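Quick notes on the structure that follows.
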Amino acid sequence: MIRQKENRVVAFFLILMLAGFFCLSAWAPESDAGKAKGDNSDSVASASGADETPGVHEQEQAPAKIAKKRFPWLWVAAGAVVVGVVLYFTLSKKPKYKLTVSVGTGVIGTPASGTVTYNKGEKVSYSFKLKDGYKNLRVYLNGSIVAAMGEIEMNRRHYFIATATEELYYDLTVTLGVGVTGTPAAGVYTHKEETSVAYIYAEMSGYKNLKVTLDGSAVAASGAVVMDRNHELSVTAEEIPPSGVVGTWQITTVCSTGAIYEGTLRFDKFCETEHCQRVSWVNPLGGGIGFWRYTGTGIFFTNDPPCLYCICNTLGATALTGENAEYDEFMECQGGFSDSDHMSGTFISKRVWGYGGGGVIVIGTGTWSAYRLY
């Protein structure tokens with residue numbers, strides 16, 4: 001801008017000079033002609049005013065001197081000045097270039113979107129950055145990726161394009177079973193993509209066999225989940241059976257036929273190995289013995305309760321003779337604890353006969369429940 005103002009001052013000065021030359025050129029010839037004309041009149045007037053001598057003829061005036069035509073140097077100089085001024089401004093005028101900017105969604109910065117014209121050689125600073133919730137900033141200058149901030153020189157027409165992509169969010173669903181402690185707690189959590197979510201879990205007192213799965217696959221009890229998609233984190237533990245399971249319980253069995261049988265169970269622990277714990281069934285009609293154990297998910301026991309065949313038999317009365325008369329009946333019970341003093345489950349009553357190669361027949365099914373007596 002300063003340069004342009006200087007050019008205007010120079011041009012104005014040259015134009016004033018040129019106008020002065022034109023004025024002098026136009027005034028000078030007219031003055032010379034007027035002077036010559038005035039001198040001639042005075043001469044004639046002087047001759048006319050004198051007394052004429054009789055007999056003397058008037059003398060003829062000498063012919064006027066014709067001025068010699070001169071070369072118009074002044075006009076040539078003025079023309080040269082005009083040509084010089086025109087050439088000066090024509091050659092010294094700098095070309096201009098346009099800068100076109102397109103700023104996409106999720107991007108802020110300068111220059112703003114639009115087209116601006118700059119003089120050749122001007123330097124333009126630029127700077128772009130992401131808005132919250134966006135990623136992958138890309139800045140293109142004439143189709144090539146450049147830094148997000150910098151400076152360009154306007155030596156041609158330029159095009160700026162700044163783009164970004166919206167960030168994604170994913171859900172982490174956490175499910176915790178009974179007897180589990182840790183973080184994050186059960187629930188659904190939304191995280192920005194690529195976020196690393198730490199987790200750590202452990203069994204509560206009275207539980208064991210902690211299992212942690214991520215999207216159905218077993219993982220360590222502590223670690224991190226990278227949120228590159230939706231994930232499901234599930235944690236479970238197994239309850240350790242109450243230490244007071246050994247003792248006397250009141251049991252009620254309900255057969256599928258609708259018959260109900262009540263009795264007393266006594267769990268005795270006489271050794272430490274699996275399948276080596278005794279259970280005895282006590283009732284007014286007699287007693288039976290069997291074995292019980294904790295399976296990891298609940299309690300399992302087998303015994304030979306008298307008269308269960310009588311109330312759960314679905315085969316009807318059958319006459320047995322010979323070797324086929326030899327048989328044994330027992331029930332298999334499976335169940336779990338609702339608390340340290342209550343448990344329940346299902347049972348199957350079976351008959352095993354023909355020890356020499358007979359078979360097993362299911363004679364009844366049903367449910368059972370028990371509560372601690374002492």
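The values are calculated or read from the model by the stated rules, or taken from the named source; none is laboratory data. No experiment lies behind these values; they were computed from the predicted model shown. FYI the Cβ positions are ideal-geometry reconstructions off the backbone, even for glycines, and counts take in every protein chain you see.
If you go through the stretch 123-139 and keep only what is more than 19 Å from the chain's Cα centre (by Cα) and among the polar types (S, T, N, Q), you end up with S125, S127. Taken over the stretch 227-281, the residue count meeting the criterion of being at pLDDT 80 or above, closer than 28 Å to K208 by Cα and under 47 Å from the mean Cα position of the chain (by Cα) is 8.
Would you be able to tell me the number of residues in the stretch 185-196 that are among the charged types (D, E, K, R) and either loosely packed, with under 13 Cβ neighbours inside 10 Å or in a strand (DSSP E or B) (or both)?
Of the residues in the stretch 185-196, the ones among the charged types (D, E, K, R) are 192-194.
Filter again for either loosely packed, with under 13 Cβ neighbours inside 10 Å or in a strand (DSSP E or B) (or both), leaving 192, 194.
Qualifying residue count, the stretch 185-196: 2.
The set of residues in the stretch 137-149 that are surrounded by fewer than 13 Cβ atoms within 10 Å (Cβ to Cβ) and in a strand (DSSP E or B) comprises S144, I145.
Among the candidates K211, K192, K131, which residue alone is over 30 Å from V107 (Cβ atoms) and of a type in the set (D, E, K, R)? Before the answer, list the steps.
Working: K192 fails: over 30 Å from V107 (Cβ atoms); K131 fails: over 30 Å from V107 (Cβ atoms).
It is K211.
Candidates in the stretch 197-208 are the residues that are in a strand (DSSP E or B) and surrounded by 13 or more Cβ atoms within 10 Å (Cβ to Cβ); of these, the one that is nearest to the chain's Cα centre (by Cα) is V197. Going through (1) surrounded by fewer than 12 Cβ atoms within 10 Å (Cβ to Cβ); (2) over 30 Å from V212 (Cα atoms) one by one, V178 falls short only on (2). The combined condition, being assigned to a strand (DSSP E or B), out of contact with any Gly (no Cβ under 9 Å at 6 or more places or on another chain) and within 30 Å of F337 (Cβ to Cβ), is fulfilled by G182.
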